[in-house]
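Student: I am attaching a structure below and will ask some questions about it afterwards.
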Amino acid sequence: SEDHATALKERIIRNGSGSATILNGIDLTAFPGRPSASQIAAAREQLAIPADAKVIGMLGRLILEKGLREFFAAARILCDSRPDLYVIVGGDALPTDRRAWKTQLMAKVEAAGLTSRFRFPGFNSDVYGCLSAFDILVHPTYKESFGRVIAEGMATGLPVVATNVRGCRELVVPGETGLLVPYKNVESLVKAVSALLDNSAMRRSMGDAGRRRIVERYDQRAVIGRFVGHIHAVWQENVSRLAEALTQYRS
């Protein structure tokens, strides 16, 4: 919606009534809410993570712009002081990406002696199943268009720590559904994640609020309905205008 506002201000869009912001929707049948204790245990067992561990993670395309450096630096600091913390880095780079950031990240993890605490499950079609192992979703990206993984995490009932960039702040309500931090700021990232790790009630409250926000605003069925409704309204406006012009021409 920030892009829409900019487009109107700069007159990239000249007809405000003919434009609208249609955000991504989430298929809530694939993300049915907070996983049960048994689902969490099963997800962690699959990744060889203790059932009672604290788990943070990121999920998505593994490129520099997603904040891999900052995520590793923050996770390393957190692991040093929290022996029960495990870290999941889900997803991978695409074949067209210029550098093998996942390979470099795995090398850094090994050099730091943290191989036993990190998990790299790669691409996974069962996003809900992977997110079920998380306590906190971390999204330290430098830029974002919408942040689908944030919406998916919130739909799973997870609190989110994300960077304060457009797209992320479209979804995350600071202090209500998660926390926003400056991008490329490791200290702020550590502080925000620590605050949530130390407060289970806050994690649950933010996770519940995030789930409600997704259900209210980003249910795929409602988003499709708004999209179709907008197209229909624009079509009707054009038909009416053309009909009026045709009537004037005939007369």
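Student: Taking amide hydrogens as modeled 1.01 Å from N in the peptide plane, which residues meet the under 5 Å criterion relative to residue 219, leaving out close sequence neighbours?
Tutor: Correct list: 26.
Student: Next question, about the same structure. So how far, in whole Å, is the C-alpha centre of the range 202-222 from the one of the range 1-47?
Tutor: 11 Å
Student: Keeping every protein chain present and rolling a 1.4 Å probe, give me the accessible area per residue for the chain in Å². Each step should come with its number before you reach the end.
Tutor: Numbers: 13410 Å² over 251 residues.
Per residue, the chain has an accessible area of 53 Å².
Student: How big is the charge dipole of the chain about its Cα centre, in debye rounded to the nearest 20, if each Lys and Arg gets +1 on its Cβ and each Asp and Glu gets -1 on its Cβ? Don't jump to the answer; show the numbers that get you there.
Tutor: Values: 33 positive and 26 negative charges, 85 e Å.
Magnitude of the dipole: close to 400 debye.
Student: Along the positive direction of the dipole of the chain (beta-carbon charges: Lys, Arg +1; Asp, Glu -1; about the Cα centre), which of 8, 190, 37 reaches farthest?
Tutor: Result: 8, furthest along the dipole toward the positive end.
Student: Of the listed pairs 54/191; 9/184; 66/102; 66/143, which have alpha-carbon separations greater than 18 Å here? Could the numbers behind the result be given before it?
Tutor: Numbers: 54/191 16 Å; 9/184 29 Å; 66/102 12 Å; 66/143 8 Å.
Where the Cα-Cα span goes over 18 Å, the pairs concerned are 9/184.
Student: Compute the Cα gyration tensor for the range 113-162, then decide on rounded, prolate or oblate, letting a ≥ b ≥ c be the square roots of its eigenvalues: rounded whenever a/c is under 1.5, prolate when a/b is larger than b/c in the other cases, and oblate in all that remain. Before the final figure, lay out each step's value.
Tutor: Details: a/c = 1.67, a/b = 1.33, b/c = 1.25.
Judged from the Cα gyration tensor, the range 113-162 comes out prolate (a/c at least 1.5, a/b above b/c).
Student: Between rounded, prolate and oblate, where does the range 30-178 land on the alpha carbon gyration tensor, with a ≥ b ≥ c its root eigenvalues, rounded for a/c under 1.5, else prolate if a/b exceeds b/c? It would help to have the intermediate numbers written out before the result.
Tutor: Details: a/c = 1.38, a/b = 1.03, b/c = 1.34.
Note, shape of the range 30-178 comes out rounded.
Student: Which label belongs to the value computed from this structure, given these candidates for Cα extents along the principal axes in Å: (1) 59, 56, 45; (2) 52, 34, 32; (3) 84, 38, 33?
Tutor: Entry (3).
Student: Further question on the same structure: Short version: ³J(HN,Hα) in whole Hz for each residue of the range 205-222, in order, from phi by Karplus 6.51 cos²θ - 1.76 cosθ + 1.60 (θ = phi - 60°), x for Gly and Pro, what are they?
Tutor: For the range 205-222, the Karplus-derived couplings read 4, 5, x, 5, 5, x, 4, 4, 5, 5, 4, 6, 10, 10, 4, 3, 5, 5 Hz, x marking Gly and Pro.
Student: Place a +1 charge on the Cβ of each Lys and Arg in the range 38-88 and a -1 charge on the Cβ of each Asp and Glu, then give the dipole magnitude about the Cα centre in debye, rounded to the nearest 20.
Tutor: On the way: 7 positive and 6 negative charges, 32 e Å.
That gives a dipole near 160 debye.
Student: Report, in deg cm²/dmol and to the nearest 500, the calculated mean residue ellipticity at 222 nm for the chain, where each DSSP H run with n ≥ 4 adds -39500 (n - 2.57) and the sum is divided by the residue count.
Tutor: On the way: 10 runs with 121 residues, N = 251.
Taking each H run of at least 4 residues, the total per residue is -15000 deg cm²/dmol.
Student: Please list the non-local residues whose amide H lies under 5 Å from the amide H of residue 86, H modeled 1.01 Å from N, same-chain partners needing a gap of 5 or more.
Tutor: Under 5 Å from the amide H of residue 86: 54, 55, 56.
Student: Please list, in order along the range 65-73, the HN-Hα scalar couplings obtained from phi with the Karplus expression 6.51 cos²θ - 1.76 cosθ + 1.60 (θ = phi - 60°), rounded to whole Hz, x for Gly and Pro.
Tutor: Residue by residue, the range 65-73 yields 5, 7, x, 4, 4, 5, 5, 5, 4 Hz.
Student: Could you tell me how far the Cα centroid of the range 158-182 sits from the Cα centroid of the range 59-92, in Å?
Tutor: That distance is 17 Å.
Student: Same structure again: Explain nothing, just the number: dipole magnitude of the range 55-195 about its Cα centre with +1 on each Lys and Arg Cβ and -1 on each Asp and Glu Cβ, in debye rounded to the nearest 20.
Tutor: Numbers: 17 positive and 14 negative charges, 89 e Å.
Charge dipole, the range 55-195, about its Cα centre: 420 debye, nearest 20.
Student: Which residues' amide hydrogens lie under 5 Å from the amide hydrogen of residue 183, considering only partners 5 or more residues apart or on another chain, with H built in the peptide plane?
Tutor: Excluding prolines and chain starts, which carry no amide H, the hits are 164.
Student: Report ³J(HN,Hα) in whole Hz for each residue of the range 154-171, in order, from the Karplus equation J = 6.51 cos²θ - 1.76 cosθ + 1.60 where θ = phi - 60°; Gly and Pro get x.
Tutor: 5, 5, 8, x, 9, x, 10, 10, 9, 7, 7, 10, 4, x, 5, 6, 5, 9
Student: So, one more: Checking a compactness column here: for the range 110-222, what do you get for Rg(Cα) / (2.2 N^0.38 Å), N being the number of residues? Write down the numbers at each step before the final one.
Tutor: Values: Rg = 14.1 Å, N = 113, 2.2 N^0.38 = 13.3 Å.
So the range 110-222 has a normalised radius of gyration of 1.06.
Student: Using a 1.4 Å probe over the heavy atoms of the protein chains, calculate the carbon and sulfur portion of the accessible area of the chain as a whole percent. Walk me through the numbers on the way to the answer.
Tutor: On the way: 6990 of 13410 Å².
The nonpolar share, carbon plus sulfur, comes to 52 percent.
Student: If you don't mind, another one. Quick one: in the range 181-235, what % of C-alpha pairs are over 18 Å apart? Let's see the in-between values first.
Tutor: Numbers: 888 of 1485 pairs.
Above the 18 Å cut-off, the range 181-235 has 60 percent of its Cα pairs.
The values are calculated or read from the model by the stated rules, or taken from the named source; none is laboratory data. Since this is a predicted model, take the numbers as computed values, not measurements. Neighbour counts are summed over all protein chains in view; Cβ atoms, including those assigned to glycine, are modelled from backbone coordinates with ideal geometry. Each accessible area value is taken on the protein alone, full model and side chains, heavy atoms only, with ligands, DNA and RNA left out. Shrake-Rupley method; radii C 1.70, N 1.55, O 1.52, S 1.80 Å.
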